[in-house]
1. Evaluate segment A:557-627: find the radius of gyration of its Cα atoms, find its Kirkwood radius, and give the ratio Rg to Rh.
2. If one computes the Cα centroid of segment A:57-72 and of segment A:600-629, what distance in Å separates the two points?
3. Please state the shape class of segment A:507-559: rounded when a/c is under 1.5, otherwise prolate if a/b exceeds b/c and oblate if not, all from the C-alpha gyration tensor.
4. Among B:Asn42, B:Asn65, B:Asn94, which one shows the highest mean-square fluctuation when chain B is modelled as a Gaussian network with alpha-carbon springs under 10 Å?
5. Ignoring GluC sites (Glu not before Pro) that are buried or in helix or strand per DSSP, and keeping those with at most 10 other beta carbon atoms within 10 Å, what is the longest stretch of chain A between them?
6. If the cut-off is a Cα-Cα distance under 19 Å, which aspartates and glutamates reach A:Lys28, setting aside same-chain residues fewer than 8 apart in sequence?
7. At 7 Å along Cα-to-Cβ for each site, give me the label-to-label distance between A:Phe22 and A:Glu110 in nm.
8. When only C-alpha pairs under 8 Å and at least 6 residues apart count, what is the relative contact order of chain A, in percent?
Amino acid sequence: MNTLICLVSLLPLIGFLLNGLFRKSMPKALAGIIGSGTILVSFIITLVIFVQVKKEGFEPITVNLFPFITSDTLKIGFSFLIDPLSTLFMLIITGVGFLIHWYSTSYMHEESAPDYAKYFCYLNLFVFFMLLLVMGANYVILFIGWEGVGLCSYLLIGYWFKNLDYGTAAKKAFVMNRIGDLGFLIALFALISQFGSVNFDEVFSKAPTASTQFITCVTLLLFIGATGKSAQIPLYTWLPDAMAGPTPVSALIHAATMVTAGIYMVARSHVLYNLAPFSQTVVAVIGSATIILAATIAVKQNDIKKVLAYSTVSQLGYMFLGLGVGAYTEAVFHVMTHAFFKALLFLGAGSVIHAMSGEQDIRSMGGLKKYLPITHITFLLGCLAIAGIPPFSGFFSKDEILTAAYERNPVYYIVGVAGAMLTAFYMFRLYATTFLGGFRGTEKQQHHLHESPGAMTIPLIALAILATVGGFLGIPEVFAKNSNWLGHFLGPVLGEHAPEASISVSTEWMLMGVSTVLAASMVIYAWGRFSKKPELDTPRGIGKWMADKWYVDEIYQALIVRPLKAFSGFLDNVMEKGVIDGVVNGTGRLVQYSSRQLRYLQSGQVGGYVLLMVIGIIALFVVQLFLRK
Amino acid sequence: MPINYYIFLAIALFCIGVAGVLTRRNAIIIFMCVELMLNAVNLLLIAFSKMHHAEVATDPNAGINGQIFVFFIMVVAAAEVSVGLAIIAMLYRNTHSVDVNFLNRLKH
């Protein structure tokens, strides 16, 4: 069992090393096989582990590989923790990851062989770090994975680094993440100073002894880390720009896995969050604000990937809302269903972009239904799932979060339903503009339109099935008793959550009905409106504000980037060029000047030399006889 | 006779030598002043070795090494004088002058 656990994370690392070291001589087919094969084997091993974990009476396994940091009483081991929560994430990462690797073998086929191998090498490294993140048995290992996935995200966003804008997007993602990471790091040090340990079990068992203020501080700092990685207000702006990377990367890293790292971390630390009600409120408020902000921006975007990116930010907001109201299982459930349908939507978008020869603007698409039948059907299923139409997966997970939110505070529920309506609206605006109506692109593009090859459609179909039925893993108790398999599975880690305890079954039915009816009406409205008359004009008024992302980037530019640049410019021009260079050059000039003056002492006059000698001797005498104590 | 007189005499001689070296420009006079300083030191050495040695009361030969030093100094001074005078003679042949202030080209 221990060997298997190590193998899960080791295999992607081996794939990374093989593809990375031999990328110059690696044929494309082999690079693809190594890249996706290692993940497939990892997935199979994870399934074996999962079967063990699923058994009744399973106790979490901790695998200690080697001591990582030992300093006085602080001992940090390089160890893995296998429990239902980490196993679920491992399944998502390796399962969805494998499908996306497979899809990539076809999507990236136009790249040259070394670049192709480089792509898979980064992707494997990403999976390795992501597994490290969810398998780590302490915060330090989690942090290693956390930083590693950030690095891979940077490398993959900037995969086409010859385009300067893409490189800038990569840097933006990295810098924004670093801001969050600082919060995480400070929380880590605070935990070490308070508890003398970073192991999950030790920290959680000692947590009740600490003061509420301390726990609140730590959880807020951890949450800052989560806002960076999981693209929440105020650090979300990197995620839409991260769409510069290849589409499968957007699917894997910036939709299905990496951005859910923050959710995982908060869910893992739920013991701490339960002790800090203020932090929970902050998480819920930030989550709900993000839902609305990102959803309104998504409504007016015309880039197929940008719409999906903002929808990801918005869906992550749902997960944080769930975490904030204490519905950890539901949030993790939404992570899972979101991984399915968002990966599906991104891969579908990739298939569309592939068919449109790189065109991403939905205004030049339209009527793709008859050219891309498989992509169309799977994309539609994905849209239904994210819009929360029963019985697709998004319905179950989103409604469970909304119910839990209602239980805490009806305002959260209203915000969540408004977000759900917007989601349904923009997703079907996207769907109708892309797939319905008449084709609006050029003749050449129309001629080129074709359904993607099997390596791309099969993962789409697999994900579409998962997105459709994935929700049945966590059917709310209100439908049938003891049907919430996921809640039961995660119960030992996250605690059983029972919304029925405080709100009646009829209220729950009503809440569910309201959100479904509203979402469905939005679907019908958007479908009808945009299939006939797509929105092609430049938006005006408030629509322009939404299309321009509420000018958040500009505000950041004006409030943070410009002052920082001005300050850096001041440091560069005044401190660096004036003070520091002045001191350094001044020292040199002083030595040169004084040497030039001293040179005149060498006059060649013997008398002068002797005089100095005598003065020196007299000085020595004076020192020797009078000044020495 | 107390040793003080010898010391004062030696200091006076030495200071005259130093002043001579500092003020005179004639190389030969400077040379003589250097000799004066050396001999002032010789005088001190002898005076101390003969009169101020701790064991001079019991051992008539005590402090003999001070006097031996003096011989060394005299020998070295003689050698130095022969070399120095030769240099001065050569200088004079070349420049028709023994003025040290005129001989400042060593700085280059």
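1. Rounded to two decimals, Rg/Rh equals 1.47.
2. If we compute the Cα centre of each part, the gap is 74 Å.
3. Oblate, since a/c reaches 1.5 and b/c is not below a/b.
4. Residue with maximal mean-square fluctuation among B:Asn42, B:Asn65, B:Asn94: B:Asn94.
5. Longest run free of exposed loop sites: A:111-629.
6. A:Glu110, A:Glu111, A:Asp115
7. Taking the simple label geometry, A:Phe22 and A:Glu110 are separated by 2.9 nm.
8. The normalised contact order for chain A reaches 12 percent.
Quick note: the coordinates plus some simple rules give every number you see, no bench work behind them. Model, not experiment: these values are computed from the prediction. As a convention, Cβ positions derive from the backbone with ideal geometry for all residues, glycine included, and neighbour counts pool all protein chains shown.
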